[in-house]
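Q: For reference, the structure I am asking about is given below.
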Amino acid sequence: MSSTSRTAQSLKNIFSGIGSQLFLTIISFYTTRIIKLSLGFEYLGLNGVFGNVISLLSLTELGIGTAIVFALYKPLAENDTELICSLMRFYRNAYRIIAAVVFSIGLLLLPFLKLFVHTTLSIDYVRISFLLFVVNSALSYLLSYKRNLIYADQKNYIITLYSLTFSFVSKIGQLVVFSITKNYLLYLCVTIVCTVGLNLLLSWKADQMYPFLNKTDVSPLSSDIKSMLITKVKAVFLHSIGSKVVFATDNILIAYFLGVATVGKYTAYMTIVTFISSLTQQFLSGITSSVGNYIVEHNTQERYDLFRKIEFASTILSIFSCVCLAVLLNPFISWWLGSDTLLSQETVYLLVLSNWIIFIRRPVYTVKSAAGLFEQDKYAPLVESVINLLASCVLVQFIGLPGIILGTIIGEVAVPLWVGARVIYTHLFNRKSYEFLLRVIMYLLITVALTACIQYVNSKLYVYNDTVTLLLYFVTAIVICAVAEVLFFFKSLYFKYFIDAFFKRKI
């Protein structure tokens with residue numbers, strides 16, 4: 001694929017993703033506010049806890065989707081429709097089994113919900129709510145396998161457009177239903193209907209784009225392809241276990257040790273963090289399939305240059321995002337949901353630091369995933385998850401919620417921050433990874449210094465109006481952060497590259 005075509009596809013994917021995320025989050029903010037004001041923190045907490053449980057249930061997917069996407073890059077580039085059909089048939093059958101397994105495990109968990117969901121709500125009501133989450137998760141696997149063919153073909157903007165449409169219908173439908181009935185269960189049912197509708201539409205679109213998918217005479221996968229897929233799936237599954245334990249257990253631990261109401265407050269913060277995270281993630285999600293295509297076609301030095309460009313752009317976004325989160329989260333939460341929702345500023349700093357580490361790791365993960373390098377560090381996530389769980393369970397006893405977040409940070413720093421970098425530097429670039437770690441330390445110091453500077457300036461600003469003060473904080477953070485990043489990085493080759501690319505409209 002030509003560089004121009006690859007860039008055009010990436011830009012479509014990036015901008016469609018960012019636009020849709022902005023639009024949907026505005027509606028989500030309003031919905032969250034209504035639920036909090038109408039029903040209280042415990043219902044927000046249920047969303048957070050059950051979301052984490054469903055995320056853990058998705059481990060039954062085993063990483064098949066990721067392995068299939070990687071396997072599709074080459075046949076798509078070579079227009080090998082026979083192999084594509086074989087892969088997709090295998091994918092379909094696997095996902096049907098997974099949907100059944102997810103639903104079955106969900107049913108088995110129903111009697112045990114009261115063990116980790118500490119709430120004043122009726123346990124029967126909690127169980128019905130959880131069952132609706134399970135149904136939605138199981139249905140999401142049916143017909144959804146075809147979307148990954150569109151994704152692997154670098155047309156993620158199509159998925160984004162369709163997802164945006166159904167997400168809009170879902171959010172508006174939830175708002176209408178909840179505003180009229182104040183019924184949380186009906187609110188969840190709207191999501192299920194839209195999940196089914198989205199999957200049906202994407203399946204139809206894939207059939208239109210790839211008519212060969214309708215073939216009935218499909219050859220089974222060769223033993224070599226199956227062997228490769230099994231190897232990839234095993235490695236991705238181990239990665240999934242680690243990542244799910246790290247990122248999908250916080251709400252469960254909070255609910256068990258501190259109660260569902262605390263999960264509700266934490267979920268409010270994570271709504272903002274996830275929103276900012278998803279905006280920055282759209283940049284990398286939009287280019288992942290193009291990176292996979294690029295790695296196949298280019299040499300070691302060209303791969304490294306591409307990685308450094310991705311890393312630089314992602315770092316600029318990460319520092320900017322995390323500094324703004326650190327200084328604006330509490331003022332925004334207070335304005336949005338009220339001062340009774342606030343967590344301590346120290347907790348906010350820890351939350352932002354944890355997500356800063358995730359942000360800074362993303363370029364490594366993007367390139368590593370696009371290159372299919374799953375086996376080389378397959379046990380690292382397991383080690384991280386054990387460290388995370390042990391540290392969180394011990395520290396929560398002494399310092400409460402900050403202890404759970406600190407446990408996550410300890411796990412992140414102990415293993416994945418450096419192991420993933422070593423994998424891509426060794427296997428793709430033939431270089432030492434310590435240079436990446438030195439840059440990470442420099443980026444952290446810049447982030448801390450900017451946060452301290454902006455916090456000091458903002459401490460001098462207040463005009464006895466919460467909305468105006470928040471706007472002043474926002475403008476101050478953006479201006480200082482933007483100016484500082486230009487001063488820090490303007491001599492960088494990659495800064496000059498993106499400036500030239502912007503004015504020439506060519507990357």
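Q: Among (1) open to solvent by 10 Å² or more (accessible area, probe 1.4 Å); (2) more than 30 Å from Asn47 (Cα to Cα), there is one condition Ile97 misses while meeting the rest; what is its number?
A: Result: Ile97 passes all but (2).
Q: Within region 464-493, can you find the residues that are polar (S, T, N, Q), crowded, with 16+ Cβ neighbours inside 10 Å and either touching a residue at least 24 places away in the same chain (Cβ under 8 Å) or outside any helix (DSSP H, G or I) (or both)?
A: Correct list: Thr469 only.
Q: Given the conditions (1) closer than 29 Å to Pro75 by Cβ; (2) open to solvent by 50 Å² or more (accessible area, probe 1.4 Å), and given that Tyr145 satisfies all but one, which numbered condition is not satisfied?
A: (2) is the only condition that Tyr145 fails.
Q: Quick one: how many residues across region 372-382 are assigned to a helix (DSSP H, G or I) and crowded, with 19+ Cβ neighbours inside 10 Å?
A: As a first pass, look at region 372-382 and keep what is assigned to a helix (DSSP H, G or I): 380-382.
Those still in the list that are crowded, with 19+ Cβ neighbours inside 10 Å too: 380-381.
Looking only at that region, the number is 2.
Q: How do the helices (runs of 4 or more DSSP H) wholly within region 45-160 filter down when requiring 2 or more residues that are within 22 Å of Ser203 (Cβ to Cβ): which remain?
A: Per the criteria, 64-78, 81-109, 123-141, 147-152.
Q: Return the only residue of Ile128, Ile98 being among the β-branched types (Val, Ile, Thr), under 25 Å from Cys194 (Cβ atoms) and over 26 Å from the mean Cα position of the chain (by Cα).
A: Ile128
Q: For region 273-309, which positions are more than 30 Å from Val327 (Cβ to Cβ), at pLDDT below 85 and open to solvent by less than 40 Å² (accessible area, probe 1.4 Å)?
A: Thr288, Ser289, Ser290, Val291, Gly292, Asn293, Ile295
Q: Ile172 - would you say it is surrounded by 18 or more Cβ atoms within 10 Å (Cβ to Cβ), out of contact with any Ser or Thr (no Cβ under 8 Å at 6 or more places or on another chain) and either in contact (Cβ under 8 Å) with a residue 60 or more places away in the chain or closer than 29 Å to Ala94 by Cβ (or both)?
A: no
Q: Give me a count of the residues in region 421-440 that are open to solvent by less than 90 Å² (accessible area, probe 1.4 Å) and closer than 16 Å to Asp377 by Cα.
A: First, the residues of region 421-440 that are open to solvent by less than 90 Å² (accessible area, probe 1.4 Å): 421, 423-426, 428-429, 431, 433, 435-437, 439-440.
If we keep only those that are closer than 16 Å to Asp377 by Cα too, we end up with 421, 423-426, 428, 433.
Selection size over region 421-440: 7.
Q: Next question. Residues being in contact with a helix residue (DSSP H, G or I) (Cβ under 8 Å, 6 or more places away or on another chain), modelled with pLDDT of 85 or more and surrounded by fewer than 16 Cβ atoms within 10 Å (Cβ to Cβ): count how many of those fall in region 106-120.
A: 2
Q: Right, here's the next one. Here are some residues: Ser203, Ser129, Ser167, Ser223. Which one is under 23 Å from Arg33 (Cα atoms) and either at pLDDT 85 or above or open to solvent by 60 Å² or more (accessible area, probe 1.4 Å) (or both)?
A: One residue alone meets the criteria, Ser129.
Q: Which members of region 395-416 meet the condition of being over 14 Å from Asp250 (Cα atoms) and surrounded by fewer than 19 Cβ atoms within 10 Å (Cβ to Cβ)?
A: Once the filter is applied, which keeps residues that are over 14 Å from Asp250 (Cα atoms) and surrounded by fewer than 19 Cβ atoms within 10 Å (Cβ to Cβ), region 395-416 yields Gln397, Phe398, Ile399, Val413, Ala414.
Q: Now a separate question. Any idea how many residues of region 318-345 are of a type in the set (A, V, I, L, M) and either at pLDDT below 90 or closer than 17 Å to Val263 by Cα (or both)?
A: 5
Q: Among (1) open to solvent by 50 Å² or more (accessible area, probe 1.4 Å); (2) modelled with pLDDT under 85; (3) farther than 28 Å from Ile357 by Cβ, which single condition is Val218 missing?
A: The number of the failed condition is (1).
Q: Which one of these is out of contact with any strand residue (DSSP E or B) (no Cβ under 9 Å at 6 or more places or on another chain), assigned to a loop (DSSP other than H, G, I, E, B) and not β-branched (Val, Ile, Thr): Leu444, Leu461, Leu437, Leu450?
A: Of Leu444, Leu461, Leu437, Leu450, the one residue that is out of contact with any strand residue (DSSP E or B) (no Cβ under 9 Å at 6 or more places or on another chain), assigned to a loop (DSSP other than H, G, I, E, B) and not β-branched (Val, Ile, Thr) is Leu461.
Q: From the list Ser369, Ser392, Ser385, which one is of a type in the set (Ser, Thr, Tyr), within 25 Å of Lys309 (Cα to Cα) and crowded, with 18+ Cβ neighbours inside 10 Å?
A: Of the residues listed, the single one that is of a type in the set (Ser, Thr, Tyr), within 25 Å of Lys309 (Cα to Cα) and crowded, with 18+ Cβ neighbours inside 10 Å is Ser369.
Q: Also, I was wondering about something else. For region 360-412, what are the residues that are within 23 Å of Ser314 (Cβ to Cβ) and polar (S, T, N, Q)?
A: Narrowing region 360-412 to residues within 23 Å of Ser314 (Cβ to Cβ): 360-374, 376-377, 380-381, 384, 405, 408-409, 411-412.
Thr366, Ser369, Gln376, Thr408, listed by residue number.
The values are calculated or read from the model by the stated rules, or taken from the named source; none is laboratory data. Computed from a prediction, not measured in an experiment: that's the story for all the values here. With ideal geometry, Cβ positions are generated from the backbone for all residues, glycine too; neighbour counts draw on all protein chains shown. Quick note on the areas: whole protein, heavy atoms, side chains included, nothing else; ligands and nucleic acids left out. Shrake-Rupley method; radii C 1.70, N 1.55, O 1.52, S 1.80 Å.
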